[in-house]
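J.: Attaching a single structure in structure tokens format; questions to follow.
The values are calculated or read from the model by the stated rules, or taken from the named source; none is laboratory data. The structure presented is a predicted model; accordingly, all values stated were derived computationally and were not measured. With ideal geometry, Cβ positions are generated from the backbone for all residues, glycine too; neighbour counts draw on all protein chains shown.
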2 protein chains.
Amino acid sequence: MFKAVADETRRIILDELLERDEQTLFELCTRLTMKHGLSSTRQAVSQHLEVLEDAGLVHSERHGRYKIHTIDTRPLAQIAERWPVRPPREDMP
Amino acid sequence: MFKAVADETRRIILDELLERDEQTLFELCTRLTMKHGLSSTRQAVSQHLEVLEDAGLVHSERHGRYKIHTIDTRPLAQIAERWPVRPPREDMP
DNA sequence: TTGACAGGCAAGTAACTACTTGCCTATGGT
DNA sequence: ACCATAGGCAAGTAGTTACTTGCCTGTCAA
């Protein structure tokens, strides 16, 4: 899950799914190139979605020949739980 | 910052610093091998600390021949801000 | 002042990862 | 039935990254 969000393209995919949930692979490809200026091939996006799915950040469901992708941000809560955000002990620039 | 937390060793370093803040490089090395069962060399840990510092998750200060490291979890708040945690639209297993 | 200790620098290596390329399967409209 | 569309599979490649190795610098205590 930590490695899943380590890639900028995957982070943008999460952004896109947060703005418009339940997109197919082709929809995501189109929007990534149009709105976000990415030049990712379909296969590249597909592999990114696979990583995000393994991380539990995206779920997918088949509808006929379409595969719609749904975002699930819940795994990210582990980060805030593991390292609670608080100011550091000393003042650092 | 995302890439900084993508590595398990660096996550354990953050754990260790959260439990006991303001440690030197050698203290961290010792505790990582003792408590966490890691067999990392000093140079490896040093490089990890450099990555964490570049990410703003760790600050360091020289005191004589000691360099003490301080954790700063504030950059992690960007994650929760960017992708607010909420349940997914549909029920997924 | 000399030696032990804390840490830094830099090149090399091995493993991983993002991406491409080419081909294949399956679904649905006409 | 047929073809276009949506997606999958797998091997290969280039770039990245974690780690090691060897040597060097600076600080403090005896």
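J.: Go through region A:61-70 and give me each residue that's part of a strand (DSSP E or B) and either of a type outside the set (D, E, K, R) or surrounded by 15 or more Cβ atoms within 10 Å (Cβ to Cβ) (or both).
T.: A:His63, A:Tyr66, A:Lys67, A:Ile68, A:His69, A:Thr70
J.: Just one of the numbered conditions (1) part of a helix (DSSP H, G or I); (2) more than 14 Å from chain B (Cβ to nearest Cβ) is not true of A:Glu53; which one?
T.: (2)
J.: Okay, next question. Check whether at least one residue in region A:28-41 is within 11 Å of DNA strand D (Cβ to nearest atom) and under 23 Å from A:Leu76 (Cβ atoms), and report yes or no.
T.: Yes.
J.: Taking into account only those residues within region A:38-60 that are within 13 Å of DNA strand C (Cβ to nearest atom) and closer than 14 Å to A:Asp21 by Cβ, which is surrounded by the most Cβ atoms within 10 Å (Cβ to Cβ)?
T.: Looking at residues that are within 13 Å of DNA strand C (Cβ to nearest atom) and closer than 14 Å to A:Asp21 by Cβ, I get A:Leu52.
J.: With the requirement that a residue be within 9 Å of another protein chain (Cβ to nearest Cβ) and in a helix (DSSP H, G or I), what does region A:7-36 give you?
T.: Scanning region A:7-36 gives A:Glu8, A:Arg11, A:Leu14, A:Asp15, A:Leu18.
J.: Being of a type in the set (A, V, I, L, M) and either at pLDDT below 95 or under 17 Å from B:Phe26 (Cβ atoms) (or both) is the filter here; which residues of region B:44-74 pass it?
T.: Within region B:44-74, B:Ala44, B:Val45, B:Leu49, B:Leu52, B:Val58, B:Ile68 meet the criteria.
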